[in-house]
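Enquirer: Okay, here's the structure, questions in a sec.
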Amino acid sequence: MKKVPSEPRLRAGSRPKKWVIQAICFSVFLFLCISMQYPWRSWIPYRLFLDLDPLSSLAALSGTRQFFLLALLMVVVGLVWGRIFCAYVCPLGFCIDVVDHGLGKTGRRPAIRKRPQDEAEEGVQPETWPEPSRGALASSGLQWVLLGMVFVGLAFKNSLPLVLDPIGLATRSFAVIFYPLGIWVANGTIGLLRPLAEQRGWYGLAYYALPQPGFQAAIGNLALLALVLGLGLLTRRFWCRSLCPLGALLGLLGRLAPSRRRVTAACTACGQCQGACPMGAIGEDPFRTRQSACIQCKSCQAVCPVDAISFSLRPRREARYLPLPEGLSRRNFFFGMGFGSMAIVLTRLDPRYVKKTDRTLRPPGALPEEDFLATCIRCGACLRICVTCTLQASGMEKGLIRWGTPIHNMRFAGCEQQCNLCGKICPTGAIRDLPLIERQHAKIGTAVIIRETCVAWAKNRLCLLCDEACPYNAIVFQPVEGYKRPFVDESRCNGCGMCEAVCPVNGEAAIVVYPMGEIRQKEGSYKEILNRERIFLEPKKDLLELPERTDGSLIQDEGMD
Amino acid sequence: MFGDARNLPCGRSWSLTMKAVSRRTILKGALASCLPLSFPSVVLSRDRNETGARPRVVQVQGPIEASLHILLEELGGVSRFVKSGDTVLIKPNMSFPNPSEQATTTDPSLVRAMARHCLRAGAKRVLVADHPMRAVKLCLEMTGMKEACGDLPSVHLIGASQEGMFHQVTLSRTKELQAVKVLRAALDADVQINLPRMKSHGATTVSLGMKGNMGLIWDRAIFHSRLDLNEAIGDLNTLIRADLTILDGSRALIAGGPLGPGPVEELGCLIGGADPVAVDAFGVQRVEWYGKRIAPDQIPHLVACHKRGIGEIDLDRVDIVSRKAPAS
């Protein structure tokens, strides 16, 4: 009988509580998400969590941002401590813990069959255990299939599976769900206080308001988040143990990790650790741990009545054959991968992708569509930081392959000429980090006037809102049939959509930005291209013909009825 | 005319404010007590100091701060407009996130200097307000307004962005514009000072003081789509009338306005006066717009304002004073 030496270790009470560290990490995450706004502050590490994520760094390999130091750090941590990130740092993990707690899913103690004492020695247990009934779905090994799909997707230039990356999911959920709601509440509160503030002369408060964002894909994201959190009804941390692709990756890295749970012979097989483990990492046999599920939260250590459990950095005693990750047969894995790969290929065969049947407008500096879809991890950071909220998460309408990627809704708001923050924040370089002058030359598309609905064309009104809003002076008014009528000077139009946003026509605007003429390139200067194509965004002589004076009467009025 | 007492812009008791004769008081008195409906609304907002006399327009050439000083002196000092304890509304153009060099927004140093003059004259507070067309945060920052006015005490920089900051006012004597949502701070202020940038405008040819007042209302789109733009500007100005208008002519955007980019002419002057139409009229003929000399009566919205008795459009009936400020 091998005797595992008991070693000095911190008692549960003397180390900082797990939830304190979690709350601190989550607060940092929240702070970074909230501070993702104009103006850009170089001292804030906005992308900290996204940069930590090795999966997003994999996607970034096909982008333009090449910063992998933090992701490498995560890999090293994973190799040494396994899934410790999931227990302490992951913002989604914290949310899941909180929700699980609310659902009353903590500390369940299933009845444990007592094992004969002679089997209590380490290393002689069978390879597999019968699974507890509630965990049947939880241990189906879906996470390995999802992780596999991330790799297959990246190989096929399709980063769609990364919508399930927990960091991206948390960032996107904050951006499109919680931040807009928070602003709505804050502005509403200020609105209620406004009469009082005016009366007291608190003008700073009375006229304070935050720009209200809103996202067309918010409900879809809310449903996804509700699903992820609601799975806690089945088992604690259901998402983490059986779906999360990042968790699967860290678990895979940590299979040989020296930091692992160790049980001494003092164990009485009381089963408390099995009940306490949020990940279901301790099976029937309390001496064994599923390393790829263990998040090193030490819940088991805290509940052990005989102090038989310890976590320590010690290389594995015996070099052993590594079986497939727990909970997955080879057959199931390939079955799942087959369907997953089919799905990935099918999204690329979608006519909306193949032929671009949609008016899909990408932010200035976005990579060519194929590279963009390989690189964009759909984290929603650009949506969050966009000053006008023109950037929206695509829903299903542009094809599943574009789900969650940023698209412009120019009718809602135009793309600000003086802002290049989406490129600055993008963690993978799917949107290039462009200096302002380059951003202004990165052509998003071209505006087209629909004369049938334009009030200046169809109703002879003196409406020049599009001209007033155009930062590039691309709307030109010329007299036609005695009326001033707008034209778009294509050689000056950036496609920023300010015109489409302000057009007073009810419903669909009478001036619409189409992606024609868009410039998408992985490298090189947009300004040079425009200059080559004789497209100028500098001041020029105005084409407006002013009427000659006729004894005080006004030619401009002549056209009005 | 103005509807009834429910139109009061805020919860403050109107009867207590009747002691001081101010625009706000007059406006509120009208709102609250429903004065005889035959009383034209224009009379309510007539300049309290200049009725009867020939309006005066002052043009000062030179650096902004020194020019402003001389300009105010020529108009009788800032104390003619701002009384001790007044709430002053300064309405610059900060509609776009462009630096002053592009001549699409008012120079922040002019706004700062004006605010300081008001404070020195005893103003209780100065509200620097506009309803920007672009992202408010960017506008306040990139125009330089935040930097220029941020450190002044009792000066509040207001970039309106919410409908709740505006108050619905009904106009009954007007033809084109029946009701409009006006910035509550504008209704609340005792004195209104308009500091527009001199610039061209695609629809109205020029955008000076009269057009600039569209920065104090909520829904501007209907001016273009539903209403006759020029007549509606005239109607709007019967409701909002600046006590003092100073055109920022340090630079003028002579074509490609209102947002540019376009040719900028370095005029280096300020043009001011208490009669807003006369100031605009002088501004119109001060430079060539779109490469053409334009007379004030060729600008339909100025004519519309003149017809409503807001001010004098005929420069022959205006006293024009030209001064030069010493270069510092």
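Enquirer: Determine, yes or no, whether residue B:175 is closer than 23 Å to residue A:206 by Cα and touching an Asp or Glu at 6+ places or on another chain (Cβ under 9 Å).
Expert: In short, no.
Enquirer: How about region B:158-186: which of its residues are among the polar types (S, T, N, Q) and within 16 Å of the chain's Cα centre (by Cα)?
Expert: Taking region B:158-186 and keeping what is among the polar types (S, T, N, Q), we get B:161-162, B:168, B:170, B:172, B:174, B:178.
Correct list: empty.
Enquirer: Which numbered condition in (1) under 21 Å from residue B:134 (Cα atoms); (2) within 11 Å of another protein chain (Cβ to nearest Cβ) is the only one that residue A:447 fails?
Expert: Of the numbered conditions (1) under 21 Å from residue B:134 (Cα atoms); (2) within 11 Å of another protein chain (Cβ to nearest Cβ), the odd one out for residue A:447 is (2).
Enquirer: In addition: Checking residue B:231 against (1) in a helix (DSSP H, G or I); (2) more than 10 Å from chain A (Cβ to nearest Cβ); (3) in contact with a Lys or Arg (Cβ under 8 Å, 6 or more places away or on another chain), which test does it fail?
Expert: (2)
Enquirer: Follow-up. Before we move on, is residue B:266 facing another protein chain (nearest Cβ under 10 Å) and surrounded by fewer than 24 Cβ atoms within 10 Å (Cβ to Cβ)?
Expert: No, not satisfied.
Enquirer: Find the helices (runs of 4 or more DSSP H) located wholly in region A:52-100 whose residues include 2 or more that are within 30 Å of residue A:367 (Cα to Cα), and list them.
Expert: Counting at least 2 such residues, we get A:54-60, A:69-81.
Enquirer: May I pose another question? Would you mind stating whether residue B:60 is under 19 Å from residue B:199 (Cα atoms) and hydrophobic (A, V, I, L, M, F, W, C)? Outline the logic, then answer.
Expert: Details: under 19 Å from residue B:199 (Cα atoms): yes; hydrophobic (A, V, I, L, M, F, W, C): yes.
When the stated conditions are applied, residue B:60 passes them.
Enquirer: Okay, next question. So, in region A:344-402, of the ones that are of a type in the set (Val, Ile, Thr) and surrounded by fewer than 19 Cβ atoms within 10 Å (Cβ to Cβ), which residue ends up modelled with the lowest pLDDT?
Expert: A:357
Enquirer: Pairs, please: C-beta under 9 Å, at least 6 apart or cross-chain, first residue on the phi > 0 side of the Ramachandran plot and in region A:304-321, second at pLDDT below 85 and surrounded by 11 or more Cβ atoms within 10 Å (Cβ to Cβ)?
Expert: Note: pairs meeting the criteria are A:307/A:6; A:307/A:9.
Enquirer: Condition check: out of contact with any Asp or Glu (no Cβ under 6 Å at 6 or more places or on another chain), in a loop (DSSP other than H, G, I, E, B) and within 28 Å of residue A:507 (Cβ to Cβ). Does residue A:378 satisfy that? Quick ask: steps written out before the conclusion?
Expert: Numbers: out of contact with any Asp or Glu (no Cβ under 6 Å at 6 or more places or on another chain): yes; in a loop (DSSP other than H, G, I, E, B): yes; within 28 Å of residue A:507 (Cβ to Cβ): no.
No.
Enquirer: Taking the conditions exactly as written (buried (at least 24 other Cβ atoms within 10 Å of the Cβ) and either within 11 Å of another protein chain (Cβ to nearest Cβ) or at pLDDT below 90 (or both)), does residue B:249 satisfy them or not? Talk me through it step by step, then tell me what you get.
Expert: Numbers: buried (at least 24 other Cβ atoms within 10 Å of the Cβ): yes; either within 11 Å of another protein chain (Cβ to nearest Cβ) or at pLDDT below 90 (or both): no.
No.
Enquirer: Moving to a separate point now. Counting only residues that are within 14 Å of another protein chain (Cβ to nearest Cβ) and touching a residue at least 24 places away in the same chain (Cβ under 8 Å), which one in region A:158-194 is nearest to residue B:166 (Cα to Cα)?
Expert: Ranking the candidates gives A:187 first.
Enquirer: For region A:451-505, enumerate the residues that are charged (D, E, K, R) and facing chain B (nearest Cβ under 10 Å).
Expert: Applying the first criterion (charged (D, E, K, R)) to region A:451-505 yields A:451-452, A:459, A:461, A:467-468, A:481, A:484-485, A:489-490, A:492, A:500.
Of everything in region A:451-505, those that are charged (D, E, K, R) and facing chain B (nearest Cβ under 10 Å) turn out to be A:459, A:461, A:467, A:468, A:484, A:492.
Enquirer: For region B:277-328, how many residues meet the condition of being outside any loop (DSSP other than H, G, I, E, B), more than 14 Å from chain A (Cβ to nearest Cβ) and surrounded by 22 or more Cβ atoms within 10 Å (Cβ to Cβ)?
Expert: Count: 6.
Enquirer: Then there's this: Determine, yes or no, whether residue A:110 is touching a Gly at 6+ places or on another chain (Cβ under 8 Å) and either aliphatic (A, V, I, L, M) or at pLDDT below 90 (or both).
Expert: Considered against the rule, which asks whether it is touching a Gly at 6+ places or on another chain (Cβ under 8 Å) and either aliphatic (A, V, I, L, M) or at pLDDT below 90 (or both), residue A:110 comes out as yes.
Enquirer: Could you please find all residues in region B:93-113 being buried (at least 21 other Cβ atoms within 10 Å of the Cβ), outside any loop (DSSP other than H, G, I, E, B) and among the charged types (D, E, K, R)?
Expert: B:112
Enquirer: Which of the residues spanning region B:104-143 are within 11 Å of another protein chain (Cβ to nearest Cβ) and small (Gly, Ala, Ser)?
Expert: Result: B:129, B:135.
Enquirer: Are any residues in region B:270-322 among the hydrophobic types (A, V, I, L, M, F, W, C) and within 20 Å of residue B:103 (Cα to Cα), and if so, which ones?
Expert: B:270, B:271, B:279, B:281, B:282, B:284, B:287, B:289, B:294
Enquirer: Just checking, how many residues over region A:406-436 are buried (at least 18 other Cβ atoms within 10 Å of the Cβ) and in a helix (DSSP H, G or I)?
Expert: So the count comes out to 5.
Enquirer: Further question: Specify which of the listed residues (A:492, A:439) is surrounded by fewer than 23 Cβ atoms within 10 Å (Cβ to Cβ) and either under 19 Å from residue B:259 (Cβ atoms) or without any contact (Cβ under 8 Å) to a residue 40 or more places away in the chain (or both).
Expert: Only one candidate passes the filter, namely A:492.
Enquirer: Would it be correct to say that residue B:60 is modelled with pLDDT of 90 or more, on the phi < 0 side of the Ramachandran plot, of a type in the set (A, V, I, L, M, F, W, C) and in contact with a strand residue (DSSP E or B) (Cβ under 7 Å, 6 or more places away or on another chain)?
Expert: For residue B:60, the condition - modelled with pLDDT of 90 or more, on the phi < 0 side of the Ramachandran plot, of a type in the set (A, V, I, L, M, F, W, C) and in contact with a strand residue (DSSP E or B) (Cβ under 7 Å, 6 or more places away or on another chain) - is met.
Enquirer: Right, something else. Can you name the helices (runs of 4 or more DSSP H) wholly within region A:449-561 that have at least 2 residues being of a type outside the set (Phe, Trp, Tyr) and at pLDDT 85 or above?
Expert: Result: A:455-458, A:465-469, A:498-502, A:526-532.
Enquirer: Run residue B:205 past the list (1) under 30 Å from residue B:260 (Cα atoms); (2) more than 8 Å from chain A (Cβ to nearest Cβ); (3) among the β-branched types (Val, Ile, Thr) and report the number of the one that doesn't hold.
Expert: Unmet condition: (2).
Enquirer: State all residues of region B:151-195 that are under 19 Å from residue B:137 (Cβ atoms) and more than 9 Å from chain A (Cβ to nearest Cβ); if no residue qualifies, say none.
Expert: B:151, B:155, B:163
Enquirer: Another question, if that's okay. Please state which one of A:331, A:320 is surrounded by fewer than 21 Cβ atoms within 10 Å (Cβ to Cβ), part of a helix (DSSP H, G or I) and at pLDDT below 85. Full working, then the answer.
Expert: Details: A:320 fails: part of a helix (DSSP H, G or I).
Result of the check over A:331, A:320: A:331.
The values are calculated or read from the model by the stated rules, or taken from the named source; none is laboratory data. From a predicted model like this one, the values you see are computed outputs, not experimental measurements. Glycine also receives a Cβ, built like all others from the backbone with ideal geometry; neighbour counts cover every protein chain displayed.
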